[in-house]
Amino acid sequence: MSCEQDFLDKGPEEDLTLDEVFAERQYAESFLTSAYFNLPEMMNPADWPARNPFTGASDEMEITYKGAYAHLLNSGAWNSDYTVPDIWGFNYEGIRKLNIFLDNVHKVPLVQGFTEEDRQRWIGEATFLRAFYHFFIMRIHGPIPIMNRTWGVDEEFDAIRRQPLEEVVNFIAQECDKAAQTLPMRNTGPMVGRATKAAAVALKARVLLYAASPLYNENVPAEFRALKNDDGTLLFPQAYKPEKWNAAAQAAKEAIDMVEGGGYTLYKAANNDPVTSYLELFMRNWNDEVLFARNLGFYGHFERQANPLSHGGFSILCPTQEHVDAYQMANGESPILGYNPDGSPNINPNSGYTEQGFSTTAHPKGYYPTDVSNMYVNREPRFYANISFSGSMWKGRRLEFWNTGLDGRSRGGSDYNISGYLMRKMVDPNSVTFQDRFALRSWIFFRVGELYLNYAEALNEAQGPVADVYTYVNRIRERAGLPGLPAGLSKEQMRERIRHERRIELAFEAHRYFDTRRWKIAENIDNKPIHGMNILAGNNLKDPAFYNRVIIENRVFQAPKHYLWPLQIAEINKNFELVQNPGW
């Protein structure tokens with residue numbers, strides 16, 4: 001059956017040498033394009049190929065799907081013998097592609113349609129991506145090997161060592177500077193999705209913010225400070241450097257000025273409604289707020305994960321009660337001031353929040369109908385853009401998350417809504433899962449709103465709550481339909497306000513996990529039970545049995561061990577010179 005087949009006969013383009021690849025513009029560009037494949041999909045936090053266990057491992061969300069890697073992180077059951085999600089290997093694979101490309105791109109001949117300016121743009125793209133992939137590895141492992149050249153298979157790999165964290169940060173920042181010199185501020189047409197100057201300056205601002213933060217600067221755990229290579233090189237900073245906050249603030253402000261000069265701005269809907277603005281920000285691909293994103297195509301699997309059971313979804317992306325409680329009221333007051341030992345909330349008497357009774361009138365703009373629990377009445381607009389709750393409207397009808405409801409536990413199998421809430425942010429209200437009708441989607445890596453908050457945080461830490469801190473936080477709040485921050489806040493009070501604003505504005509965008517770690521508060525946030533509504537109770541929308549807080553998971557966080565991921569034991573077995581992170 002094989003003798004008459006020619007399947008081993010290959011065409012002339014199937015086995016190309018590197019010299020042949022870089023002798024042709026088309027092949028060389030395809031090689032660079034292949035490196036974009038290593039950008040993680042991120043949008044679906046339930047599946048390991050998206051390489052985003054972080055949303056489900058933060059206090060934002062509980063994922064019902066039992067195969068999600070986030071469950072191991074939340075239970076403390078993870079260890080160094082893991083293969084998925086392979087963030088280390090996947091990103092170093094991308095880095096190797098880019099190193100090969102940068103070593104060979106000078107060979108591409110200049111022909112009609114390919115100029116030296118085009119070559120420099122390619123170099124800028126590759127330089128940015130290589131820096132970005134180093135950042136992805138650094139943010140979970142800390143100090144890592146800097147791979148800024150191609151390694152041959154005949155070289156001794158035990159010469160590869162982890163580099164001090166400050167060297168890694170400086171490398172990423174300097175690479176961003178180099179990339180920004182040759183990249184356009186933004187792309188149009190078929191170039192949309194490729195790296196830009198806006199992406200490079202945004203990455204620099206973020207990595208310098210991380211480097212200035214307590215986990216890596218002011219409050220480095222003693223176990224981390226003691227970590228060193230076999231030659232005695234210490235891998236973590238040994239002393240607090242307050243000037244890092246100044247550097248982070250300067251980088252963020254320079255980035256803001258550049259991108260705004262290039263036409264980027266906070267997105268606002270035509271009707272200026274805050275809910276519509278926030279929803280459309282994530283539905284309208286490559287709008288003027290988006291600095292860099294990954295195109296995902298028709299990402300139907302995410303829509304199925306996020307949609308309720310009665311709409312053909314799996315109901316598995318479930319915000320926690322703690323996250324729901326964090327949204328302010330429409331008047332800007334926080335409804336919950338804290339929690340009692342039994343998990344019950346301390347309600348702010350000035351907020352107007354109550355957990356008793358049901359609404360008798362609908363919101364004038366349609367944010368909620370009548371007869372919903374008063375827990376969900378008069379909340380800030382981003383709540384209605386981000387959270388689906390029992391009684392809220394979705395695709396023309398009310399959602400029913402109580403036990404016997406159309407979207408309740410009794411209607412599901414192994415996947416079901418575990419908290420009484422579903423994530424609404426980023427979910428397409430026009431998708432039809434039963435008919436496989438989905439829109440083209442993208443995952444936003446950098447946007448203007450994050451830059452504003454990065455700048456406000458760094459500037460407050462460097463100089464206190466000066467005017468610019470108020471200005472940029474209030475721009476976010478104004479777009480969200482909230483009153484500005486009160487005057488006269490102290491540095492510490494402003495810090496808490498900024499942290500709260502990041503928690504809400506950047507919800508489900510894979511920031512919260514890293515924020516709580518770089519602020520070194522995860523040991524208090526992620527080492528206790530999380531809650532939801534009582535999904536095993538209730539027979540109708542106004543059944544009070546459903547609206548009781550219950551524990552849905554007891555989470556584990558061991559400090560300082562869990563502040564960083566372990567290096568995979570398989571990597572250490574390849575190279576015994578790679579020292580393991582503390583506790584692993």
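The values are calculated or read from the model by the stated rules, or taken from the named source; none is laboratory data. The structure presented is a predicted model; accordingly, all values stated were derived computationally and were not measured. Here the Cβ positions follow ideal geometry from the backbone for every residue, glycine too, while neighbour counts run over all protein chains shown.
Restricting to the range 79-91, name every residue that is more than 18 Å from the chain's Cα centre (by Cα) and surrounded by 19 or more Cβ atoms within 10 Å (Cβ to Cβ).
Within the range 79-91, no residue meets the criteria.
Within the range 181-192, which residues are out of contact with any Phe, Trp or Tyr (no Cβ under 8 Å at 6 or more places or on another chain) and on the phi < 0 side of the Ramachandran plot?
GLN181, THR182, PRO184, MET185, ASN187, THR188, PRO190, MET191 - these are the residues of the range 181-192 that are out of contact with any Phe, Trp or Tyr (no Cβ under 8 Å at 6 or more places or on another chain) and on the phi < 0 side of the Ramachandran plot.
Scan the range 307-358 residue by residue and report those that are part of a loop (DSSP other than H, G, I, E, B), in contact with a helix residue (DSSP H, G or I) (Cβ under 7 Å, 6 or more places away or on another chain) and of a type in the set (A, V, I, L, M).
Answer for the range 307-358, where residues must be part of a loop (DSSP other than H, G, I, E, B), in contact with a helix residue (DSSP H, G or I) (Cβ under 7 Å, 6 or more places away or on another chain) and of a type in the set (A, V, I, L, M): just ILE316.
Take the residues in the range 504-529 that are β-branched (Val, Ile, Thr) and either touching a residue at least 60 places away in the same chain (Cβ under 8 Å) or crowded, with 19+ Cβ neighbours inside 10 Å (or both); name whichever of them is farthest from PRO40 (Cα to Cα).
ILE525
Going through the range 246-286 one residue at a time, which ones are of a type in the set (Val, Ile, Thr) and under 30 Å from ALA173 (Cβ atoms)?
ILE256, VAL259, THR265
Those residues that are part of a helix (DSSP H, G or I), over 18 Å from ARG130 (Cα atoms), among the charged types (D, E, K, R) and in contact (Cβ under 8 Å) with a residue 24 or more places away in the chain, I need them from the range 201-234; list them, please.
The answer is GLU223, and nothing else.
Among SER431, SER419, which is the only one that is crowded, with 18+ Cβ neighbours inside 10 Å and touching a Cys at 6+ places or on another chain (Cβ under 8 Å)?
Answer to the selection: SER419.
Could you grab me the full set of residues in the range 380-437 that are of a type outside the set (A, V, I, L, M, F, W, C), touching a residue at least 24 places away in the same chain (Cβ under 8 Å) and in a helix (DSSP H, G or I)?
PRO381, ARG382, TYR384, ASN386, ARG409, ARG411, THR433
Could you list, in sequence order, the residues of the range 444-459 that are buried (at least 24 other Cβ atoms within 10 Å of the Cβ) and not in a helix (DSSP H, G or I)?
Listed by number, the residues that qualify are PHE446, ARG447.
Restricting the first residue to the range 460-473 and requiring it to be more than 13 Å from ASN246 (Cβ to Cβ) and hydrophobic (A, V, I, L, M, F, W, C), which pairs with a second residue that is at pLDDT 95 or above and part of a loop (DSSP other than H, G, I, E, B) meet a Cβ separation below 8 Å and a spacing of at least six or different chains?
Filtered contacts from the range 460-473: VAL473/LEU485.
Restricting attention to the range 239-279, which residues are part of a helix (DSSP H, G or I) and in contact with a strand residue (DSSP E or B) (Cβ under 7 Å, 6 or more places away or on another chain)?
VAL259
Can you find, within the range 66-78, the residue that is surrounded by the most Cβ atoms within 10 Å (Cβ to Cβ) among those that are touching a His at 6+ places or on another chain (Cβ under 9 Å) and not in a helix (DSSP H, G or I)?
Taking the candidates together, the pick is TRP78.
Would you check if there is a residue in the range 482-492 being within 20 Å of ALA202 (Cβ to Cβ) and outside any helix (DSSP H, G or I)?
Within the range 482-492, not a single residue is within 20 Å of ALA202 (Cβ to Cβ) and outside any helix (DSSP H, G or I).
Here's the yes/no breakdown for (1) more than 23 Å from HIS323 (Cβ to Cβ); (2) modelled with pLDDT of 95 or more; (3) within 26 Å of the chain's Cα centre (by Cα):
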position	(1), (2), (3)
GLU380	no, yes, yes
PHE383	no, yes, yes
ILE387	no, yes, yes
GLU400	no, yes, no
LEU406	yes, yes, no
ARG411	yes, no, no
PHE445	no, yes, yes
GLN463	yes, yes, no
ASP468	yes, yes, yes
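With surrounded by fewer than 19 Cβ atoms within 10 Å (Cβ to Cβ) and not polar (S, T, N, Q) as the only criterion, which of GLY464, GLY532 stands out?
GLY464
Being buried (at least 16 other Cβ atoms within 10 Å of the Cβ) and part of a helix (DSSP H, G or I) is the filter here, so list the residues in the range 16-26 that pass it.
VAL21, ARG25
Of the conditions (1) free of Cβ contacts under 8 Å to residues at least 60 places away in the same chain; (2) surrounded by fewer than 20 Cβ atoms within 10 Å (Cβ to Cβ); (3) farther than 22 Å from PHE136 by Cβ, GLU501 fails just one. Which one is it?
(2)
State the number of residues belonging to the range 167-185 that are out of contact with any His (no Cβ under 9 Å at 6 or more places or on another chain), assigned to a helix (DSSP H, G or I) and more than 9 Å from VAL207 (Cβ to Cβ).
Residues meeting the conditions: 9.
Among the residues of the range 262-300, which ones are surrounded by fewer than 19 Cβ atoms within 10 Å (Cβ to Cβ), aromatic (Phe, Trp, Tyr) and over 26 Å from LYS204 (Cα atoms)?
Of everything in the range 262-300, just one residue is surrounded by fewer than 19 Cβ atoms within 10 Å (Cβ to Cβ), aromatic (Phe, Trp, Tyr) and over 26 Å from LYS204 (Cα atoms), namely PHE298.
Which members of the range 323-354 meet the condition of being charged (D, E, K, R) and either under 25 Å from ASN527 (Cα atoms) or surrounded by 17 or more Cβ atoms within 10 Å (Cβ to Cβ) (or both)?
ASP325, ASP342
So, in the range 374-410, exactly how many residues are buried (at least 21 other Cβ atoms within 10 Å of the Cβ), closer than 17 Å to LYS425 by Cα and among the hydrophobic types (A, V, I, L, M, F, W, C)?
4
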